[in-house]
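Presented below is the structure to which this report refers.
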Amino acid sequence: MPRDHRPAKSVRVLLAEDQGMMRGALALLLGMEPDLEVVAQVGRGDTIVDAALTHRPDVALLDIELPGMSGLDAAAELREQAPDCRVLILTTFGRPGYLRRAMEAGAAGFLVKDGPVEDLAAAIRRVLTGETVIDPALAAAALSAGPNPLTARECDVLKASVDGATVSDIATKLHLSESTVRNYLSSAIGKTATRNRMEAMREARQQGWL
């Protein structure tokens with residue numbers, strides 16, 4: 001819609017999505033709403049905060065799995081550096097653990113991408129009134145799944161296990177002893193009821209704990 005036809009005070013939106021086609025389509029569809037204006041688009045998580053400080057959006061729509069920094073980590077930074085910006089997590093992956101982490105990071109909403117754009121536009125308006133907007137099916141799944149059983153250090157060790165990293169590699173990266181790394185890995189494997197650290201990492205990712 002032409003800018004002249006917008007209300008005097010449009011809702012300013014920042015959009016963070018690493019897939020260019022999806023980002024462009026969302027920006028186009030949201031821009032057709034008479035009261036919404038996409039003022040910034042980014043494809044990396046580590047550019048979200050700078051874009052928010054520059055463009056001062058009212059709402060930030062953040063994907064979770066972004067290069068540079070996850071949308072969940074960016075949400076936590078926005079809470080500290082741009083507290084007036086409300087955050088909506090918009091993701092393909094409706095994992096219960098992600099929802100819990102999003103709420104802990106201060107997000108005002110969590111939606112999956114398969115919904116109609118009208119619902120997304122309505123959610124943007126609702127979070128600006130102070131509401132928390134959560135996909136109902138995901139909320140039910142999160143309640144039934146229970147909390148993340150892994151400690152922060154166990155999560156760190158599993159994250160560092162990617163790409164075939166050895167125990168020595170992980171110990172060096174995290175500034176831990178090799179015996180401590182083995183203990184954390186053993187504990188994580190037990191808590192995820194898996195057979196080895198790679199299976200534990202996959203299970204933790206599937207649950208949204210990492």
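Can you work out which of the residues in region 152-165 that are open to solvent by 60 Å² or more (accessible area, probe 1.4 Å) and not hydrophobic (A, V, I, L, M, F, W, C) is farthest from the chain's Cα centre (by Cα)?
D163
Quick test for you: out of I89, I64, pick the one residue that is under 24 Å from E131 (Cα atoms), assigned to a loop (DSSP other than H, G, I, E, B) and within 18 Å of the chain's Cα centre (by Cα).
When all the criteria are applied, what remains is I64.
Taking A75, is it of a type in the set (A, V, I, L, M, F, W, C) and surrounded by 14 or more Cβ atoms within 10 Å (Cβ to Cβ)?
Taking the combined requirement at face value, the residue satisfies it.
Keeping to region 39-49, report how many residues are open to solvent by 40 Å² or more (accessible area, probe 1.4 Å) and part of a strand (DSSP E or B).
Residues flagged as open to solvent by 40 Å² or more (accessible area, probe 1.4 Å) and part of a strand (DSSP E or B) within region 39-49 amount to 1.
Considering only region 172-202, state which residues are open to solvent by 60 Å² or more (accessible area, probe 1.4 Å) and either within 23 Å of Y98 (Cβ to Cβ) or part of a helix (DSSP H, G or I) (or both).
Residues satisfying the conditions are T172, K173, E178, S179, R182, N183, Y184, S186, K191, A193, M198, R202.
Picking from L72, L111, L53, which residue would you name as being in a helix (DSSP H, G or I) and closer than 25 Å to P147 by Cβ?
L72
Report yes if some residue within region 155-170 is more than 22 Å from E65 (Cα to Cα) and either assigned to a loop (DSSP other than H, G, I, E, B) or among the hydroxyl-bearing types (S, T, Y) (or both); otherwise report no.
Yes, there is a match, as at least one residue in region 155-170 is more than 22 Å from E65 (Cα to Cα) and either assigned to a loop (DSSP other than H, G, I, E, B) or among the hydroxyl-bearing types (S, T, Y) (or both).
Mind checking whether some residue in region 127-137 is part of a helix (DSSP H, G or I), in contact with a helix residue (DSSP H, G or I) (Cβ under 7 Å, 6 or more places away or on another chain) and either open to solvent by 50 Å² or more (accessible area, probe 1.4 Å) or hydrophobic (A, V, I, L, M, F, W, C) (or both)?
No.
Could we say that S168 is open to solvent by 30 Å² or more (accessible area, probe 1.4 Å), closer than 22 Å to R95 by Cβ and touching a helix residue (DSSP H, G or I) at 6+ places or on another chain (Cβ under 7 Å) here?
So S168 does not fit the description; no.
The values are calculated or read from the model by the stated rules, or taken from the named source; none is laboratory data. These numbers were taken from a predicted model, which means no experiment stands behind them. Reconstructed Cβ throughout: ideal geometry from the backbone, glycine too, with neighbour counts over all protein chains shown. Ligands, DNA and RNA are excluded from the accessible area calculation, which covers all protein heavy atoms including side chains. Shrake-Rupley method; radii C 1.70, N 1.55, O 1.52, S 1.80 Å.
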